[in-house]
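The values are calculated or read from the model by the stated rules, or taken from the named source; none is laboratory data. Everything numeric here is computed off the predicted structure, so don't read it as measured data. So basically every Cβ, Gly included, is an ideal-geometry build from the backbone, and we count neighbours across all protein chains shown. In case anyone asks, the SASA skips ligands and DNA or RNA and just uses the protein heavy atoms, side chains included. Shrake-Rupley method; radii C 1.70, N 1.55, O 1.52, S 1.80 Å.
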Amino acid sequence: MRFNPKARLDTSRVRDRGRGSGGGRGGGLGSGGGGGGMPIPGGVASGGGVVGIIVIVLYVVLTQCTGDGAANGGLDGSRMADTQRYASCKTGEDANKSADCARVAVENSLYDFWGDELGSKFRAEKEVDTFTGATSTGCGQASSDVGPFYCPVDETIYLDTTFFDDVLERQLGGPDGGFVEPYVLAHEYGHHIQNVLGTMGKVKTQQGPKSDSVRLELQADCYAGMWTKAATSTEDASGEVLFASVTDQDIQQAIEAATAVGDDRIQERSGGRVNPEQWTHGSSQERVAWFKTGYTKGDLAACDTFAPGAL
């Protein structure tokens, strides 16, 4: 993965909140709404184990954040300070030298791709916010335990930047590579596109191999594949291509990351048995298959995981 050195980066939608404190799992990110516990696929290993499903337990976010969710412990992201972590990110050359600036370039590419894809239907996410430890969101208090996630209330993607080394690689055995984070960000941006298109309103069933939650997550993987296919043709505002190259190795890293966060893989690595009735994201095989569908077919219709017979 390399970026075009001449491309200009827009940092207006990416910022860093710095180190948060306390909160544990905070606003119920490990439990369901109404005060009742909601099992996480693979179980919740306390005391430093795998806590929470890794890319996003979106049904938890939805049950926490419907109605006046932002008023129930959540804070509008605009109140939070910005550490200026991304202030020096100006060009694609900066992105080639810095993981932080690469993050900005990926967001820019996702923004441009989906703007072109959806046209007048497109609405930008509010922000991509990075943090360390814990942070307040429109969906309540979040710790690094939950992994990267999208909050539909404030339309923001949240990412603890220690996740890739501390959780994905060490705890889940996922890959360590340059294109792993772009895949994850593209998946989360896919959730924003689902929010824009109203797909989240289809989520009724929350667990099971053919549940609406699984369909939502697999569709986000498919959307990530769509963007990956088009990344090298996505241009910045001045007409410069953002990605100079996406290699076969990059695609393999995305596939390995999708494999690592399959429900069955997480259940196995947590020491439990594989129980499809607890799935919320889909199996490793399904996640890879839908990413490849988006990558090879490259259109919204091919990513309709809610269609009869799609799963």
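Partners of residue 126 within straight-line reach, counting lysines whose Cα lies under 21 Å from its Cα and excluding those fewer than 8 residues away in the same chain: 90. Near residue 137, the amide H atoms lying under 5 Å from its own belong to 75, 142; only residues 5 or more places off or on other chains count, and H is placed 1.01 Å from N. Given their separation in residues at 0.36 nm each and the Cα-Cα distance between them, residue 300 and residue 285 gain 3.3 nm when the chain is fully extended.
If R0 equals 25 Å, the separation of the Cβ atoms of residue 244 and residue 121 corresponds to a calculated FRET efficiency of about 0.30.
Normalised size of segment 215-311, defined as Cα radius of gyration per 2.2 N^0.38 Å with N residues, equals 1.22.
Find the accessible area per residue for segment 173-311; the probe is 1.4 Å, ligands and nucleic acids are left out, and the unit is Å². Don't skip to the end; give the middle numbers.
Numbers: 5270 Å² over 139 residues.
About 38 Å² of surface per residue is accessible.
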